[in-house]
Structure formats: C-alpha cells, structure tokens
Amino acid sequence: MGRTAVECTGDELADNIGREIAAIAKSAPLTSGILVLDPFTGSGNTLYWLLHHLPGAHGLGLEQDPMVFQLTSRNLAILSLSIEVSNLDYKAESSILKLAQDQLLIAFIAPPWGDALNMHTGLDLRRTMPPISEIVDFLISIAGKCPLLCAIQVYETLDPASVSELIPRFSWSTKRIYGLNAPGQNHGLLVGTRGWVPWPATKADVRNRA
C-alpha cells in the first residue's frame with residue numbers, strides 16, 4: 001500500500017496522459033485493435049485512465065511485487081474493465097503477449113526512477129531501473145511489424161544526453177509537460193512512435209527516420 005501510494009500517478013495527471021495518448025493513437029494506421037501495456041503497473045491507476053480514453057482497447061499490466069499484484073488485481077476486477085494483470089517481470093511478457101497482425105501496441109513506460117532524478121541536471125533516462133532504452137528496445141523487438149506507441153513518464157527537466165540517445169529509436173517523438181504543479185516540478189510524457197508518424201505533427205515535435 002505504501003509503495004503504491006508513493007508511486008501512484010494521480011488522477012489529474014493520469015487523465016491528461018490518457019487524453020494525450022488517445023489523441024495520438026487516433027492517427028495510427030488502420031489496425032486490428034489496440035493493446036495497452038503497462039510493464040510497471042503498481043496500483044494500475046494510469047492503466048485505468050488509459051483504457052477510459054481508449055474504449056475498446058485491451059489492457060495488460062505487469063507487476064512483480066506479489067502483494068501489490070494481488071491488491072491491484074482485486075481492485076481492477078471490481079471495475080469490470082478489459083484489463084489483465086500478471087505477476088511477471090516485463091521481460092517475461094513476451095510469453096503472454098499475443099499481438100494480432102497490425103495491432104497497435106501502446107506501452108506506458110514508468111519504471112522506478114531510483115537515483116535517476118537529479119534536481120540540477122534533471123531526469124536521466126539512462127539511470128531508471130531498468131534504463132528506458134532497454135525497455136524500448138525490448139518493446140521494439142516484440143512489436144515486430146506492428147505499430148508501436150511508447151509513452152514514457154518524465155520530469156519537467158530531462159538530462160539532454162539521455163534524450164538524444166533515446167530519440168533515434170523512434171519514427172516520431174514529442175514531449176508534453178502538464179502544468180499541474182509549481183514551475184519546475186511538473187511531470188509529463190516523452191512520446192515516441194515506431195512504424196508510423198502521427199498527423200498532423202506540430203513544429204515542436206521531433207522527427208526521425210528510425
């Protein structure tokens with residue numbers, strides 16, 4: 001309970017994240033459905049809001065901690081949502097992840113930050129546990145030819161070198177910060193797609209050719 005209370009994404013932020021991802025997903029290629037994956041589910045609050053804004057999508061959450069897994073599974077079952085929760089490490093997800101041809105895979109990526117957040121240099125995406133690039137590379141490998149959308153929870157200030165190393169993995173990427181807290185203390189998303197480019201893209205978006 002204590003861990004989920006500390007790490008849980010609050011409703012207002014999770015609602016914004018859900019709206020953002022749903023808006024981007026609308027421009028994905030015609031697919032055979034949407035699978036929303038949360039490899040570090042915790043309380044499942046963000047996964048709940050994602051499914052709220054993506055009607056018809058199926059959710060899959062992974063949570064290693066047995067007690068958190070039991071609590072989250074029970075709470076989500078009460079809501080009767082199309083969400084499965086498994087007591088697995090994210091690298092074991094390939095054994096249960098069944099993607100249909102052309103299915104859109106949306107992954108919300110929010111691993112523990114550990115000591116990755118430095119108040120002077122910002123959040124270093126290379127120092128999360130595990131590193132963001134490691135997670136993204138794994139998702140790319142299991143997505144195959146299916147379109148992929150990665151939504152990475154970030155802090156207002158990001159270590160620029162860690163972002164520069166990550167961006168080339170995507171076909172398109174953008175950053176969104178939600179002004180819900182005092183300036184300099186806000187959270188947001190680094191969103192990247194693989195295999196497709198949302199339209200219309202804004203001038204603030206970063207474009208790649210991955």
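Any read-out appearing in this document is the output of simple, stated calculations on the displayed coordinates, not a laboratory observation. These numbers come from a predicted model, not from an experiment. Virtual Cβ from ideal backbone geometry, glycine too; neighbours counted across all protein chains shown.
Residue order for 52, 187, 120, fewest other beta carbons within 10 angstrom first, comes to 120, 52, 187. Taken along its principal axes, the alpha carbon cloud of region 38-158 reaches lengths of 43, 35, 27 Å, longest axis first.
Neighbour counts of other Cβ atoms within 10 Å put 43, 82, 141 in the fewest-to-most order 141, 82, 43. In the chain, the calculated helix contribution to ellipticity at 222 nm averages -9000 deg cm²/dmol per residue, counting -39,500 (n - 2.57) for every DSSP H run with n ≥ 4. Protection proxy ranking, highest mean first, for peptides 110-116, 132-138: 132-138, 110-116, where packing is the per-residue count of other beta-carbon atoms within 10 Å, averaged. With each label modelled as a point 7 angstrom along the Cα→C-beta vector, the residue 97-residue 67 pair spans 2.9 nm.
The calculated P(r) of the chain, using every Cα pair and 5 Å bins from 0, goes 1, 7, 16, 21, 22, 18, 10, 4, 1 in percent. In this Cβ point-charge picture (+1 for Lys and Arg, -1 for Asp and Glu), region 1-146 has a dipole of about 260 debye about its Cα centre. Taking every DSSP bridge with both residues inside the chain, close to 50 percent are antiparallel. Between residue 107 and 37, 149, 150, 151, the built amide H atoms are under 5 Å apart, and every one of these is 5 or more places off in sequence or on another chain. Computed from label points 7 Å out along Cα-Cβ, the spacing between residue 141 and residue 180 is 3.3 nm.
Taking the average, over residues, of other Cβ atoms within 10 Å as the packing measure, peptides 146-154, 15-23, 178-186 rank 146-154, 15-23, 178-186 from highest down.
Of the lysine pairs in region 20-178, how many meet both conditions: Cα atoms under 23 Å apart, and a spacing of 8 or more in sequence or different chains?
Details: 26/98; 26/145; 26/175; 91/145; 98/145.
Lysine pairs meeting both conditions in region 20-178 amount to 5.
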